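What follows is a set of notes on a single structure, which appears directly below.
Read the figures in this text as sums done on the coordinates, not as results from a lab. It should be emphasised that the depicted structure is a prediction, and the values quoted were computed from it without experimental measurement. With ideal geometry, Cβ positions are generated from the backbone for all residues, glycine too; neighbour counts draw on all protein chains shown.
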Amino acid sequence: MGEASGQVTRVALVTGASRGIGRAIALRLAKDGRHVVLMSRSAAPLSDLKAEIEAKGGGRATVRAVDVADGKALAAAVESVAEELGRLDILVNNAGITKDGLILRMSDEDWGAVIQTNLTAAFVACRSAARPMMRNRFGRIVNIASTSGVVGNAGQSNYAAAKAGLTGLTKSIARELGGKGITANVIAPGFITTDMTDHLPQEVKEKVTATMAVPRLGTPEDIAAAVAYVTSDEAGFLTGQTICVDGGLTMC
C-alpha cells in the first residue's frame, strides 16, 4: 500500500513509537511510503528508529520528544507537525501505560494517571489533528485500545475504562468528521508479544492461547498490518469501528 508515483506523501504521527506496537506501526507506515512523525517521551530511542527507517529504502521520519500526559505540550507538538510539514493526514494514538491493581487497592493517582495518558491524551491529539485534516479534507485517525476495554479485565479497572472510553470517543469523532473525509477507528489488540506480556508466566500464556481460535500470541506486526489498512486511501468507507486483532479471543 505504498504511495504511487505522483501522489502526495501522507504524513503520519504515531505516539508511543519508541517500542513494541508503536515501533512496529511506525516501521510499517514508513515502509508504505508515509512520512512518519515519531513521538515518545524520550528522543534517544526515536533517533535510533528514525535512522532505521531512513536506512530501509529511503523512508522519511521526524522525531518529537513529548510526554503525552502533558496536554499543552502534546497539543503544541501535534499542531507543529502540520505547520512544519504542511499537512497531517494520519494520527495513531498508541501511547499508553498500565498501573494495575484491584479496585479496592487502586489509588486515585493510579486511576488518574492511566486515564490521562491512555484516554485524555488521545482526545487532545485528535482535537489538535482535526483542523489540518479538515483543511485537506482527508484524515485517518486510529486509536489503539485493547480487548480489556471490550470485555474488561480483573485488576485493570483504570486501563479497561480508558480503553473502553476510546471507543466512545472514536465513534463520536467518526460521526462529527466523516463528512470532511476523515475516518476514525479503533484497533483493539489482544495478547501481543510486548514488554507488557513478557512478564506473564508461561502457564498463563498457554491457558490464554488455548481459548483462542488462532492459538498463539500476536505480534506487533499483526497490529501494524491492521493499522496500515485502516489508514490507507482505500479505507475511506470504514469508520467508527472497533477491530479486535486478537486471534479470535473475544470474537468482537
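Of note:
- Estimated from helices alone, the mean residue ellipticity of the chain at 222 nm is -13500 deg cm²/dmol (sum of -39500 (n - 2.57) over DSSP H runs with n ≥ 4, per residue).
- Contact order normalised by residue count of the range 1-150, Cα under 8 Å, 6+ apart, percent: 23 percent
- Spatial separation of Cα centroids for the range 47-86 and the range 99-115, in angstrom: 30 Å
- Short-range pairs are left out: with C-alpha atoms under 8 Å and at least six residues apart, the relative contact order of the chain is 19 percent.
- Anisotropy class of the range 1-90 from Cα gyration tensor, a/c 1.5 cut: oblate
- Going from the residue with the fewest nearby Cβ atoms within 10 Å to the one with the most, 42, 232 rank 42, 232.
- Fewest neighbouring Cβ atoms within 10 Å first, the residues 198, 222 line up as 198, 222.
- Under 16 Å, Cα to Cα: Lys pairs in the chain, sequence gap 8 or more or different chains: 5
- Counting every other Cβ atom within 10 Å of each residue's Cβ, 252, 244 order from fewest to most as 252, 244.
- Cα gyration tensor shape of the range 164-252, rounded if a/c is under 1.5, else prolate or oblate by comparing a/b with b/c: prolate
- Label-to-label distance, nm, for residues given as residue 235 and residue 107 (7 Å Cα→Cβ offset): 3.8 nm
- If R0 is taken as 35 Å, the Cβ-Cβ distance between residue 9 and residue 216 corresponds to a FRET efficiency of 0.50.
- Extension gain for residue 205 to residue 153 (0.36 nm times residue separation, less C-alpha to C-alpha distance): 17.2 nm.
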